[in-house]
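Heads up: the structure comes next, in structure tokens.
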Amino acid sequence: MLTLTSDIRTPYHGLRAGVKLAALCGATVGLFWLPNPVAMAGGLAAVAGLYLVPGWQFLREGVRLLKPIWFFVVLVLLWHVFMQQAMTGAVIALRLVAAVALANLVTMTTRFDDLIDVVMWLLTPLRRAGLNTAPLGFAIVLVVRFIPVLMDKANKLIDAWRARSARRVGWQVALPITLCAIDDAEHVAEALRARGGLNAPQDP
């Protein structure tokens, strides 16, 4: 469930997780400085160029991981067209795609353990104050991993419904998706218990 790291070896795999996360923060902030659809399209093209460095197969994998956000992209565009703010909607939609693609690029090229190490380092001040930061740090990184995996499973369940029923997809898939989330949570909990949990003593 936790494996989102791409099997395709890229130059980005060798970079430190902290460097990639800092670059992600800087690039995401930079996206908000692009004022119009043309500039944002250029920013998105630059992101696509980063995916193309390892090759077309890596780019296709990145596009596949963007599938869960297309619904929100269309929703944003339709809303802004309705409000007669099509240009603003185009900027927001392009910014959303570019930001999520950059975040995916980091998770695709960074090991889970490395992400945890960076988060735990950022929480050092809290640990020095006497707080047990292990559960918090693990929870933050786990959410980063868990959401796209759950979205992928939800899409598969929806596709299975469409293949077996002529009726429109509705609330009927809510229970199977919920059960998938609970099942994944139980597997993670069992794996944590098998490894001693998160209550191990921390370094001062």
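Computed from the coordinates by the stated procedures, all read-outs in this text should not be read as laboratory data. Predicted model only: the values in this text are computed from it and were never measured. So basically every Cβ, Gly included, is an ideal-geometry build from the backbone, and we count neighbours across all protein chains shown.
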*Taking square-rooted eigenvalues a ≥ b ≥ c of the alpha carbon gyration tensor, is the range 1-120 rounded, prolate or oblate, where a/c under 1.5 means rounded and, failing that, a/b exceeding b/c means prolate?*
prolate
*asked:* Using alpha carbons only, how many angstrom separate the centre of the range 48-103 from the centre of the range 123-187?
replied: 21 Å
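For the peptides 32-38, 124-130, what is the packing order when you average, over each peptide's residues, the other Cβ atoms within 10 Å and list the highest mean first? Spell out each step's value before the answer.
Details: 32-38: 12.7, 124-130: 11.0.
For the peptides 32-38, 124-130, the packing ranking is 32-38, 124-130.
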*Largest first and to the nearest Å, give the Cα extent of the chain along each principal axis.*
56, 44, 35
*So what is the relative contact order for the chain, in percent, with contacts set as C-alpha pairs under 8 Å and at least six apart?*
25 percent
_If each DSSP helix of 4+ residues adds -39,500 (n - 2.57) and the sum is divided by the residues in the chain, what number results at 222 nm, nearest 500 deg cm²/dmol?_
-23500 deg cm²/dmol
